[in-house]
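Novice: Handing you this structure, nothing more for now.
The values are calculated or read from the model by the stated rules, or taken from the named source; none is laboratory data. Since the structure is predicted, the reported quantities are computational estimates derived from the model, not experimental observations. So basically every Cβ, Gly included, is an ideal-geometry build from the backbone, and we count neighbours across all protein chains shown.
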Amino acid sequence: MRDMKLRVLAAILFAGGLALCLYKVNVFGLPLSPGQDEEVWTVQARIAFKGSGKPAKVQFSVPNTMPGFVTLDEDFISGNYGLATETKRENRWANWAVRRANGPQTLYYRISVARDDNSNELLGAAPPFPQAPYYPEPYNSAIKAILDDVRSESADIATYTRELLIQLNADKPNENVELLRDRANNDEAWVYEISEVLKGARIPNRIVYGLELTESVSNTQLKPWLQVHNGRSWLSFNPLTGEPGLPENFLVWRIGEGPLVWIDGAGAAEVTFSAARNYREIIDIARKRAERLDSYLVEASLFNLPLETQNVYRVLMMVPLGALLVVILRNVVGLRTFGTFMPVLIALAFRETQLFMGIVLFSLIVAIGLAIRFYLDRLMLLLVPRLASVLTIVVIMMIIISIVSNQFGASRTLSVALFPMVILAMTIERMSIVWEELGAGDALTEGAGSLFTAILGYLLMTNPTLNHLFFVFPELLFCLLAITLLFGRYTGYRLTELWRFRAALKFERPEQNS
């Protein structure tokens, strides 16, 4: 009877989740695989400040000319603030105003953009040749010496600019460059110094600010980029390396110097940017169809959550899939692991460290920790102090690995801190106990099983198609739940047991008497 109830419940969950998924595909047109439609990026700017109880005016720079992108949607989320937009030369500004601003205030600007290969140039009128600025000594002599060196090694404005950037950002700069570097305390100030040096050569230039759109961007700031005019068009350069061109998926936010936000009648503002790649244009179409059908399924989508929350759920949605993998490997295959969900957590850490480096770091920390744990046995410590000691040792090893890696320039190993240290400590403790009670063979077998499960979990949880399916169709979690419940009543042989008792399956029939 209990088996029947479980099967009925699992069937209902599986059928419900699958039916909801197919309904969204057939009725709303949502894709079952990523990459079928054009990428759409949703970028959000958050402006936070504290009102003083007086009238407040906020002026914020918003995108105007965006090479390589076209605007699909734009939203100003400002509550009871009045809003007006205006364009001044290359930039566009959003002007908010309110009669009385009390306490913490938050304004949002959100824009959805898509790639547009027909607009790859950042347009703008040809500027006049700038006048050489006044440089006080000893900077005047240093800048002239740098410009003379660059002039002899270049042929035009493009090569001149690139050679200048290479010299100014050299790993071993001369005394003139070091003098200029001492004046800049951050990247933005350094780009401004480079712009002033270019003006000394009477080269028209400007600074553009933008966001480099990646898989997910949270709480970041605009990056400065350098442009020079060669008499025909604007040429872009990385101000820190000299590489020509804008980065791929670089969204230009504003052009020129000056403040990003200006406030009158309130305290200073803090601006942060977030971005996510999604299928917002498909969701918009689905929403219109849902309105005609009086359906709210698309409105209850993960795409409607804040971008920071979306980025979190892109990772969390894959955890149940990793857990199902552990269930299959332990209950059906018979693979032995340390703990139930430890391999899933290690697989999540592999997402940041990458697979090969993650395996090396995990094996190294567990091996060293196991050796130290055996030494602690000689001290006859109680259980809780021993676990606390192992945890402290794991943290110390993480710090040492990060410091040594930084010295050798291995930036990937700096993400060792992403490993769940409590899980590592418990793995070391559990492995040492198995080693003492059952021997080294069993301990190494369970350790290898845990690592193998984590590797499979990483490959499964980073699959782009599965990531897309579970984020766009979260109802598939009901299907996962149904499968997991069915495995909860599995009482058959494990595959490893069939191999273990293979000798009992091989027998010869007694020969019949003729």
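Novice: Given the conditions (1) in contact with a Lys or Arg (Cβ under 7 Å, 6 or more places away or on another chain); (2) modelled with pLDDT under 90; (3) among the polar types (S, T, N, Q), and given that Gln44 satisfies all but one, which numbered condition is not satisfied?
Specialist: Gln44 satisfies every listed condition except (2).
Novice: Identify, please: which residue in the stretch 426-445 is among the charged types (D, E, K, R) and under 16 Å from Gly369 (Cα atoms) and is, among those, surrounded by the fewest Cβ atoms within 10 Å (Cβ to Cβ)?
Specialist: Glu436
Novice: May I ask you to say which residue of Gln44, Gln59 is buried (at least 18 other Cβ atoms within 10 Å of the Cβ) and in the same structural domain as Arg110 (by TED's automatic domain parsing)?
Specialist: The conditions single out Gln44.
Novice: Also, quick follow-up: Would you confirm whether any residue within the stretch 220-230 is over 27 Å from the mean Cα position of the chain (by Cα), part of a helix (DSSP H, G or I) and over 25 Å from Arg277 (Cα atoms)?
Specialist: No - not one qualifying residue is present in the stretch 220-230.
Novice: Right, next: Within the set of pairs 6 or more residues apart or between chains, which connect a residue that is on the phi > 0 side of the Ramachandran plot inside the stretch 197-209 to a residue that is surrounded by fewer than 19 Cβ atoms within 10 Å (Cβ to Cβ) with Cβ atoms less than 8 Å apart?
Specialist: If the second residue must be surrounded by fewer than 19 Cβ atoms within 10 Å (Cβ to Cβ), the pairs left are Arg202/Phe129; Arg202/Pro130; Arg202/Gln131; Arg202/Ala132.
Novice: Looking at Tyr160, is it of a type in the set (Phe, Trp, Tyr) and at pLDDT below 85?
Specialist: No, not satisfied.
Novice: What tally of residues in the stretch 68-87 results from selecting those that are under 30 Å from Pro247 (Cβ atoms) and either out of contact with any Lys or Arg (no Cβ under 8 Å at 6 or more places or on another chain) or part of a strand (DSSP E or B) (or both)?
Specialist: Residues in the stretch 68-87 being under 30 Å from Pro247 (Cβ atoms) and either out of contact with any Lys or Arg (no Cβ under 8 Å at 6 or more places or on another chain) or part of a strand (DSSP E or B) (or both): 12 in total.
Novice: From the set of residues in the stretch 31-62 that are among the charged types (D, E, K, R) and under 23 Å from the mean Cα position of the chain (by Cα), which is farthest from Asn463 (Cα to Cα)?
Specialist: Arg46
Novice: Now, a different point. State which residue pairs qualify: first residue polar (S, T, N, Q) and inside the stretch 378-404, second residue part of a helix (DSSP H, G or I) and modelled with pLDDT under 80 in any location, beta carbons under 9 Å apart, and separation of 6 or more residues or different chains.
Specialist: Listed pairs, sorted by first residue: Thr392/Ala425; Ser402/Thr413; Ser402/Leu414; Ser402/Ser415; Ser402/Val416; Ser402/Ala417.
Novice: Considering the stretch 219-246 alone, what residues qualify as being closer than 28 Å to Glu270 by Cα and surrounded by fewer than 16 Cβ atoms within 10 Å (Cβ to Cβ)?
Specialist: Scanning the stretch 219-246 gives Asn219, Thr220, Gln221.
Novice: Further question on the same structure: Pick from the stretch 165-192 the residues that are free of Cβ contacts under 8 Å to residues at least 60 places away in the same chain and aliphatic (A, V, I, L, M): which of them is farthest from Pro239 (Cα to Cα)?
Specialist: Among residues in the stretch 165-192 that are free of Cβ contacts under 8 Å to residues at least 60 places away in the same chain and aliphatic (A, V, I, L, M), the one farthest from Pro239 (Cα to Cα) is Leu179.
Yes or no, residue by residue, for (1) exposed (fewer than 15 other Cβ atoms within 10 Å of the Cβ); (2) at pLDDT 80 or above; (3) not in a helix (DSSP H, G or I):
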{"residue": "Glu281", "(1), (2), (3)": "no, no, no"}
{"residue": "Ala290", "(1), (2), (3)": "no, no, no"}
{"residue": "Ala300", "(1), (2), (3)": "yes, no, yes"}
{"residue": "Gly322", "(1), (2), (3)": "no, yes, no"}
{"residue": "Leu325", "(1), (2), (3)": "no, yes, no"}
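Novice: Out of Arg336, Arg314, report the one residue that is more than 24 Å from the chain's Cα centre (by Cα), among the basic types (Lys, Arg) and either assigned to a helix (DSSP H, G or I) or at pLDDT 75 or above (or both).
Specialist: One residue alone meets the criteria, Arg336.
Novice: Give me the pairs: first residue in the stretch 440-454 and outside the structural domain of Ile359 (by TED's automatic domain parsing), second residue in a helix (DSSP H, G or I), beta-carbon distance under 6 Å, and six or more apart or on different chains, which are they?
Specialist: none
Novice: If you check Ala503 against the conditions, is it part of a helix (DSSP H, G or I) and modelled with pLDDT of 85 or more?
Specialist: No: the conditions fail for Ala503.
Novice: If I ask for residues that are of a type in the set (S, T, N, Q) and either in contact with a Pro (Cβ under 8 Å, 6 or more places away or on another chain) or at pLDDT 90 or above (or both), which ones from the stretch 228-254 would you list?
Specialist: The answer is Ser236, Asn238.
Novice: Anything in the stretch 64-118 that is of a type in the set (Val, Ile, Thr), crowded, with 17+ Cβ neighbours inside 10 Å and farther than 21 Å from Thr272 by Cα? List them, or say none.
Specialist: Val98
Novice: Related question: Would you mind stating whether Tyr458 is at pLDDT 80 or above, of a type outside the set (A, V, I, L, M, F, W, C), in a helix (DSSP H, G or I) and out of contact with any helix residue (DSSP H, G or I) (no Cβ under 9 Å at 6 or more places or on another chain)?
Specialist: No.
Novice: How many residues, within the stretch 312-349, are free of Cβ contacts under 8 Å to residues at least 24 places away in the same chain and closer than 23 Å to Pro474 by Cβ?
Specialist: Residues meeting the conditions: 3.
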